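A.B. asks: Following this message is one structure expressed as structure tokens.
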Amino acid sequence: MTSYLPQWITDLATILTIGGFIITLLLLREAKEIRKSFIRKARIPEIVTDLERISKELIAHLQNSQEGIRAAHESVHRAIGLLESIESKLSESDKTKVNEFIRNTKKAIGGTIDENGYWAIYSSLSAITTYLQQLAKDVRWN
Amino acid sequence: MNLTNEKEQLITQLIRETLAKSVVWNVQPPPYSLRTATENFVPLYLQCQYRNRDIGLYELRQKYFTDEESFFWTESLGICIVQDNQYVIWQIEEYSPSLKELFQLARHQAAGIRDLLGM
């Protein structure tokens, strides 16, 4: 096929197309990051509020006897579920902390666990909630 | 040494002891080093004796400056270990769920609401 344009314009167009494609990929990546950042901004404060409520419930349950232990077990499962839902939206370094809590807590409640074990989980839950509180403050600046 | 873990363990331990009524929280004036050379305000300071140490728990109001002259007051909570009723040798100030719970339990105990209700 005969081209009416000089060869250098065709070459330039090809280079610009390749350049444009790379920029599109970078922008897609950036858009994904912005979306994640918005989700973090909206979801982390909500999850912190829910985790605070679960921590409060956990103390109330641990004051009861056997019935309380069962209820505490459910509360801990809910906390794990909440943290799992936010985990994929966090940055790699933040993910490590959350994953560590999830892994250790699952391991603890998977075996035989007594009241002392639940109090230890309460301590860790409070620590991870405080960490997320600080993270929620940080993402406000993003 | 995991300081976060140790702090959380101490707070959780104190929650358990407070619930079991093994520690008694009393309202006291804040220690000298908490109220001197600072604009921070401590509206309520509670102290107990736990394993031969004086543990303080307090509400703290601080100025948060948004500009050179404009500010608003923010509130947080603190826990500290006090020596000779005036030296704060260790302290943490934050608004964590466990510290909030401990402060609520301690102020409830110190207020003697259950005694008022004859419980």
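Only the coordinates and a few stated rules stand behind these numbers; no lab work does. These numbers were taken from a predicted model, which means no experiment stands behind them. Every residue, glycine as well, gets a Cβ built from its backbone with ideal geometry; the counts of neighbours run over all protein chains shown.
A.B. asks: Please give the average number of partner chain Cβ atoms lying within 10 Å of the Cβ of each residue in B:93-100, rounded to a whole number.
C.D. replies: On the way: counts 0, 3, 3, 8, 17, 9, 2, 4.
Mean inter-chain Cβ contacts per residue within 10 Å come to 6.
A.B. asks: Tell me which lysines have Cα within less than 30 Å of residue A:97's Cα, excluding those fewer than 8 residues away on the same chain?
C.D. replies: The qualifying lysines are A:32, A:36, A:41, A:56, A:89, A:106, A:107, A:137, B:7, B:100.
A.B. asks: Can you pull out the chymotrypsin sites (Phe, Trp or Tyr not before Pro) in segment A:1-64 whose DSSP state is coil and whose Cβ has at most 10 other Cβ atoms within 10 Å? Provide the component values of the computation, followed by the final result.
C.D. replies: On the way: sites: A:4, A:8, A:21, A:38; in loops: A:4.
Here the sparse-neighbourhood loop sites are A:4.
A.B. asks: Measure nothing fancy, just the Cα-based angle from helix A:7-62's long axis to the longest principal axis of chain A, in degrees from 0 to 90, nearest 10.
C.D. replies: Compared with the principal axis, the helix lies near 10 degrees.
A.B. asks: Let me ask you something else. Using the crude model of +1 on Lys and Arg Cβ and -1 on Asp and Glu Cβ, and no other charge, please compute the dipole size for the protein assembly as shown relative to its Cα centre, in debye to 20. Please list the in-between numbers first.
C.D. replies: Details: 30 positive and 32 negative charges, 101 e Å.
So the dipole magnitude of the protein assembly as shown works out to roughly 480 debye.
A.B. asks: Now, a different point. Under the Karplus relation 6.51 cos²θ - 1.76 cosθ + 1.60, θ = phi - 60°, what is the ordered set of whole-Hz ³J(HN,Hα) values for segment B:32-45, x standing for Gly and Pro?
C.D. replies: With coefficients 6.51, -1.76 and 1.60, one gets 3, 6, 8, 10, 9, 6, 8, 9, 5, 10, 10, x, 9, 10 Hz.
A.B. asks: Between residue A:2 and residue A:99, what is the label-point separation in nm under the 7 Å Cα-to-beta-carbon projection?
C.D. replies: Calculated label separation equals 6.3 nm.
A.B. asks: Further question on the same structure: Build a GNM of chain A with springs between Cα atoms under 10 Å: which of A:107, A:95, A:36 gets the top mean-square fluctuation?
C.D. replies: Evaluated over chain A, the most mobile residue of the options is A:107.
A.B. asks: For A:53-60, what's the mean count of beta carbons from other chains sitting within 10 Å of each residue's beta carbon?
C.D. replies: Values: counts 1, 1, 5, 4, 0, 2, 10, 1.
Mean shielding by partner chains, rounded to a whole number: 3.
A.B. asks: Still on this model: Would you mind pulling out the separation of the Cα centroids of segment A:1-79 and segment A:83-142, in Å?
C.D. replies: 18
A.B. asks: Which whole-Hz couplings ³J(HN,Hα) result when phi for each residue of segment B:102-119 is put into the Karplus expression 6.51 cos²θ - 1.76 cosθ + 1.60, θ = phi - 60°, listed in order with x for Gly and Pro?
C.D. replies: Karplus-based 3J(HN,Hα) across segment B:102-119 equals 4, 5, 4, 5, 5, 5, 5, 5, 5, 6, x, 5, 5, 5, 4, 7, x, 8 Hz.
A.B. asks: While we're looking at this one, here's another question. Let me confirm one metric for peptide A:122-133, namely the mean number of other chain beta-carbon atoms within 10 Å of its residues' beta-carbons. Write down the numbers at each step before the final one.
C.D. replies: Values: counts 8, 12, 5, 4, 13, 11, 3, 3, 9, 2, 0, 4.
Going residue by residue through A:122-133 and averaging, the value is 6.
A.B. asks: What chymotrypsin sites (Phe, Trp or Tyr not before Pro) does segment A:47-142 have in DSSP loop regions with at most 16 other beta carbons within 10 Å?
C.D. replies: Filter output for segment A:47-142: A:141.
A.B. asks: As I understand it, the value is the acute angle between the Cα axis of helix A:92-110 and the longest principal axis of the Cα atoms of chain A; what does it come to in degrees, rounded to 10?
C.D. replies: Approximately 30 degrees, to the nearest 10.
A.B. asks: For Cα pairs less than 8 Å apart in space and 6+ apart in sequence, what is the mean separation divided by the residue count of chain B, i.e. the relative contact order in percent? Mind dumping the intermediate values first?
C.D. replies: Details: 179 pairs, mean separation 28.0, N = 119.
RCO, chain B: 24 percent.
A.B. asks: For chain B, take the longest principal axis of its alpha carbons; what is the angle in degrees between that and the long axis of helix B:3-19, to the nearest 10 within 0 to 90?
C.D. replies: 50
A.B. asks: What residues have an amide H closer than 5 Å to that of residue B:71, excluding those fewer than 5 places away on the same chain, when H is modeled at 1.01 Å from N in the peptide plane?
C.D. replies: B:66
A.B. asks: Loop-only check: which GluC sites (Glu not before Pro) in segment B:51-119 are DSSP coil with at most 14 other Cβ within 10 angstrom?
C.D. replies: Listed in order of number, the matching sites are B:68, B:69.
A.B. asks: Hey, any idea what the orientation-averaged projected area of the convex hull of the protein assembly as shown's Cα atoms comes to, in nm²?
C.D. replies: Values: hull surface 97.4 nm².
Over every viewing direction, the Cα hull of the protein assembly as shown projects on average to 24.3 nm².
A.B. asks: Using only DSSP helix segments of four residues or longer, with each worth -39500 (n - 2.57), what per-residue ellipticity at 222 nm results for the protein assembly as shown after dividing by its residue count and rounding to 500? Write down the numbers at each step before the final one.
C.D. replies: On the way: 8 runs with 162 residues, N = 261.
Taken over the protein assembly as shown, the calculation gives -21500 deg cm²/dmol.
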